[in-house]
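The values are calculated or read from the model by the stated rules, or taken from the named source; none is laboratory data. What you are looking at is a predicted structure, and each value in this text was computed from that prediction instead of being measured. Cβ atoms come from the backbone with ideal geometry, glycine included; neighbour counts cover every protein chain shown.
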Amino acid sequence: MESSFAITGKDYTLIVSDTSAAHSIVRMKDDEDKMRVLSPHLVMAYNGEPGDTVQFAEYVQRNLRLYGIRNNVELRPAAAAAWTRRELADSLRSRSPYQVNLLLAGFDVPSSRPALYWIDYLGTLASVPYAAHGYASFFVTSTLDRYHTPGASLEEGLELARRCADEVEKRLIVSGGGWKVRVVDREGAREIKLREGQA
Amino acid sequence: MARRYDSRTTIFSPEGRLYQIEYAMEAISHAGTVIGILAKDGVVLAAEKRVTSKLLDRAEASGEKIFTLNSNVVAGVAGITADANSLVNYARMAAQRHLFSFDEDIPVEQLAQKLCDLKQGYTQYGGLRPFGVSLLYAGHDPHHGFQLYHSDPSGNYSGWKATCIGANNGTAQSLLKQDYKDGMGLWEPAPKPAEGEPGAEGEPSKYGAVELAARVLSKTLDATTLDSEKVEFAIITLDRKTDLPKPRIFKPEEIDRLLAKYELGKPSDETPGTGTATPAAVAAGSQGERMDVS
């Protein structure tokens, strides 16, 4: 049920998550935010085992925040991804591993480039131009393979994101409830609407 | 009076002083000088060696004063050599721990802080004596570019444009104050400021940072002339092609060439101590690499 995908463009990264929170056959909530803003230029979308997800996401968020306060400087996306991956890899060989998959979307200020990392619960890390987790990945990966171009503008990126969302809504058996979209660029992370007139 | 309050690090004197730390700093003031200068394209460290002997096996040994802590930081030490080696080892491990967790070079200030946290602990817990070492950290990171830090046995640190530690550091510091100019390069002097800008009325800068370090060192040294047996030099720059930090500790032949270039070494008709400054050796040294091109 859980879907998330992300796209890099010329000078931004878009990250999209579905907003439905369900327990078995009941939809409890349709406006759940499955992302955490880790630092001024880094957003993380999570999905996986309920409970583990929020626990791990907040653990990462608070540790990165502490780093920023202690050292007066934000951890760059690559370093934050490496640290997060290390935590998951360590957790894997513990009594009860975190079963959480992540997309880390950011903007690397020193090099002025967008950054996107796909991380899974085993501690696999890949730096990618676009990525997806969950059921969406079955549909969206091929859409992005076909239509993604590097260096696209924000408008083009949003159009591509709409294509992906449309595909998931059309073909996934259960409705995702809606989409939460954030864009990370030089100015920071902000929420953005996928379609006009959407909540 | 101080006798009663100076035997343990973990107690204050009635005047509010920590004598052990002051005594540690006193030990350092007898050690070989280390000078550090920040330039716009790099940082230079120059140090005076105290342990000199013809019998020393220079070829295999590591330096006495200047060490690489990580691929983006070099350090110069002054004080008790054994303490210094222990701190250098700790710093190297701290840098690798950071690399392990974050897959990036440790920012220079954070490395200085880690060492300072360790040093401060020895002034407060455990009843052990402080480290009798001051360090100069010269490094680069993408957050703040080139940086120079100084830390002392109290665990205090600060960032500098030019500073020095060890013997005669007062003399060296005032010389640096006179001749340091903002915007100086490692190998070129600072550009002359335009009319009306601050600094335009003063003496124009004559030296690049490396030359200034060599000149200040020669003035503060006990000996009359410099040679590669008595000094260590290191620079850290950014590799032009890869944009990665490049630390470089000069080999003895390179130091001899440098000193000859600035006319600070022994006059050329004297026989050099270990024969390393012969023309053939100088040409063969560093595989023809130019010193002033990073």
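Worth a mention:
- Scanning the stretch A:65-78 for residues that are part of a helix (DSSP H, G or I) and crowded, with 21+ Cβ neighbours inside 10 Å turns up just one, A:PRO77.
- Residue in the stretch A:25-46 that is polar (S, T, N, Q), more than 14 Å from chain B (Cβ to nearest Cβ) and either assigned to a loop (DSSP other than H, G, I, E, B) or touching a strand residue (DSSP E or B) at 6+ places or on another chain (Cβ under 9 Å) (or both) present: no
- Any hit, the stretch A:9-18, residues being modelled with pLDDT under 95 and assigned to a loop (DSSP other than H, G, I, E, B): no
- When A:ALA165 is tested against (1) more than 18 Å from the chain's Cα centre (by Cα); (2) under 19 Å from A:LYS34 (Cβ atoms); (3) aliphatic (A, V, I, L, M), only condition (1) is not met.
- Matching residues in the stretch A:63-96 - criterion: being more than 9 Å from every other protein chain (Cβ to nearest Cβ) and either under 17 Å from the mean Cα position of the chain (by Cα) or touching a residue at least 60 places away in the same chain (Cβ under 8 Å) (or both): A:LEU64, A:PRO77, A:THR84, A:LEU88
- Some residue of the stretch B:50-59 being within 18 Å of the chain's Cα centre (by Cα) and at pLDDT 90 or above: no
- Members of the stretch B:100-129 found to be away from chain A (no Cβ under 11 Å), among the hydrophobic types (A, V, I, L, M, F, W, C) and surrounded by fewer than 18 Cβ atoms within 10 Å (Cβ to Cβ), listed by number: B:LEU118, B:LEU128
- For the stretch A:48-98, the set of residues classified as under 23 Å from A:GLU2 (Cα atoms) and of a type in the set (Phe, Trp, Tyr) consists of A:PHE56, A:TYR59, A:TYR98, listed by residue number.
- Residues that are among the basic types (Lys, Arg), outside any loop (DSSP other than H, G, I, E, B) and closer than 20 Å to B:GLY145 by Cα within the stretch B:209-258 comprise B:LYS246, B:ARG248, listed in sequence order.
- Selected residue (criterion: nearest to the other protein chains (Cβ to nearest Cβ)) from residues of the stretch B:81-90 that are among the aliphatic types (A, V, I, L, M) and free of Cβ contacts under 8 Å to residues at least 40 places away in the same chain: B:VAL88
- Qualifying residue in the stretch B:137-150 (condition: more than 14 Å from chain A (Cβ to nearest Cβ), over 29 Å from A:THR84 (Cβ atoms) and surrounded by fewer than 16 Cβ atoms within 10 Å (Cβ to Cβ)): no
- Count of the stretch A:40-56 residues which are touching a residue at least 60 places away in the same chain (Cβ under 8 Å) and among the small types (Gly, Ala, Ser): 2
- Scanning the stretch B:101-124 for residues that are touching a residue at least 12 places away in the same chain (Cβ under 8 Å) and not in a helix (DSSP H, G or I) returns B:ASP105, B:ILE106, B:PRO107.
- Of all residues in the stretch B:133-148, those being closer than 16 Å to B:THR68 by Cβ and without any contact (Cβ under 8 Å) to a residue 60 or more places away in the chain number 0.
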